[in-house]
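Engineer: Have a look at the structure that comes next, please.
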Amino acid sequence: MILVALAAVLLWRRKARWSFFALGGLAWLVAIILKGVISFYLNRPVYFATQHLPGAISGPAYWLYTGLLTGIFEVGLVLFLVNAVYSLRRATWQEAVAFGIGFGALEALALGLPALLTVIWGLRGILPPAAAMPLMVRQGALLWALAPVVERAFTIPIHIAAAVLVIYGVRVGRLRWFWLAFIYKTAVDAVAAFGQIAYGLHTPGHLWTIEAVIALLGLIGLWITAAMQRQFEMLW
């Protein structure tokens, strides 16, 4: 995960100023803090509320709620930030991509570093075996170890596509591009919630089924990003 984050930044570092990567990382950090605070207070009551709905819609309602948290905080906050920062309001396609890379790369680092430290500390005996061994065993199994790496490789393009859509929408003054990004990222996290809560990620088969869906959404993100390049070029 760490290598995926670093590779994404290094591959794009000559195409935009570092400030755009930094702004993307800042946006992710603020979004995840706000989403975490709201989730802490809302997840339990919303979960119990959805359990009183008819069985066919109780699960989807909660998955949709989880996805909407991402749409509201990760896409809504980006909209606010783009409107507030002049350089983002006037960003080129390359700069918009850099912003999205910064957003997704910091997330990958935040997920990868704790896992790496847990394994290192476990091997050095700093952590008790009960805390370190489950992760170390999974990291030792190739199918388990590769899943988060592949997921980050396809999740970063999702963040990039959403950023490009929002920035373009601000540049042309049309909210429909924001709503497209909102629906897109809401769908991504609704799928993730379904995988974790209902489908279960207890076997490699289940895990990789969900990862395949995330990969498909990531490929859609790459297509969106490539298609938006021409839209940006037509602005000049």
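Engineer: Working from the pairwise distances between different alpha carbons, so that the mean of 1/r is found and then inverted, what is the stretch 161-236's Kirkwood radius in Å? Before the final figure, lay out the partial values.
Structural biologist: Values: mean 1/r = 0.0730 Å⁻¹.
Evaluated on the stretch 161-236, it is 13.7 Å.
Engineer: Residue farthest toward the positive end of the dipole of the chain, with Cβ of Lys/Arg at +1 and Asp/Glu at -1: which of 215, 28, 10?
Structural biologist: Working it through, the farthest residue towards the positive pole turns out to be 10.
Engineer: Say each of residue 222 and residue 37 gets a label point 7 Å from the Cα, pointing the same way as Cα to Cβ; how far apart are those two points in nm?
Structural biologist: According to this spin-label approximation, the distance is 3.8 nm.
Engineer: Report the extension gain between residue 230 and residue 68 in nm, rounded to one decimal, defined as 0.36 nm multiplied by the number of residues separating them, less their alpha carbon distance.
Structural biologist: 55.4 nm is the gain from fully extending residue 230 to residue 68.
Engineer: For a Förster distance of 25 Å, can you work out the FRET efficiency between the beta-carbons of residue 117 and residue 29, rounded to the nearest 0.05?
Structural biologist: It comes to 0.85.
Engineer: Which order do 159, 206, 52 take when ranked by solvent-accessible area (1.4 Å probe, heavy atoms of all protein chains), largest first?
Structural biologist: Ranked from most to least accessible, the order is 52, 206, 159.
Engineer: Suppose accessible area is computed on protein heavy atoms with a 1.4 Å probe; arrange 88, 201 from highest to lowest.
Structural biologist: The residues order as 201, 88, largest area first.
Engineer: Something else about it: Across 10 Å bins from 0, what is the distribution of all Cα-Cα pair distances for the stretch 34-99, in whole percents?
Structural biologist: Taking all Cα pairs of the stretch 34-99, the binned fractions are 19, 35, 23, 16, 7 percent.
Engineer: Same structure, new question: Just going by the charge dipole of the stretch 1-98, with Lys and Arg at +1 and Asp and Glu at -1 on Cβ, which of 38, 19, 69 is farthest out on the positive end?
Structural biologist: Selected residue: 19.
Engineer: Compute the long axis of helix 93-123 from its Cα atoms, compare it with the longest principal axis of the Cα atoms of the chain, and write down the angle in degrees, 0 to 90, nearest 10.
Structural biologist: With both axes taken from Cα atoms, the answer is about 20 degrees.
Engineer: Per the Kirkwood treatment, what hydrodynamic radius in Å, one decimal, follows for the chain from the mean inverse distance over all distinct Cα pairs?
Structural biologist: Values: mean 1/r = 0.0533 Å⁻¹.
Averaging 1/r across every pair of different Cα atoms and inverting gives 18.8 Å.
Engineer: Just to confirm the number: angle between the C-alpha axis of helix 129-140 and the first principal axis of the chain, 0 to 90 degrees, nearest 10?
Structural biologist: The helix 129-140 is inclined about 60 degrees to the chain.
Engineer: Given a 1.4 Å probe and the protein chains all in place, what does the accessible area of residue 175 round to, in Å² to the nearest 10?
Structural biologist: Around 100 Å² of this residue is reachable by solvent.
Engineer: Working out 0.36 nm times the residue gap between residue 172 and residue 22, then minus their Cα-Cα distance, what length gain in nm do you get to one decimal? Write out the running numbers ahead of the final one.
Structural biologist: Details: separation 150, 0.36 × 150 = 54.00 nm, distance 2.39 nm.
Between residue 172 and residue 22, full extension yields 51.6 nm more.
Engineer: Place the peptides 35-47, 58-70 in order of packing, highest mean first, counting for every residue the other Cβ atoms within 10 Å and averaging per peptide.
Structural biologist: Listed from highest to lowest mean packing, they are 58-70, 35-47.
Engineer: Helix-derived [θ] at 222 nm for the chain: sum -39500 (n - 2.57) over DSSP H runs of at least 4, divide by residue count, nearest 500?
Structural biologist: The helix contribution divided over the chain gives -28500 deg cm²/dmol.
The values are calculated or read from the model by the stated rules, or taken from the named source; none is laboratory data. For clarity, every value in this text was computed on a predicted model and none was experimentally measured. We place every Cβ from the backbone using ideal geometry, glycine too, and count neighbours over all the protein chains shown. Side chains are part of the model used for accessible areas, which takes the heavy atoms of the whole protein and leaves out ligands, DNA and RNA. Shrake-Rupley method; radii C 1.70, N 1.55, O 1.52, S 1.80 Å.
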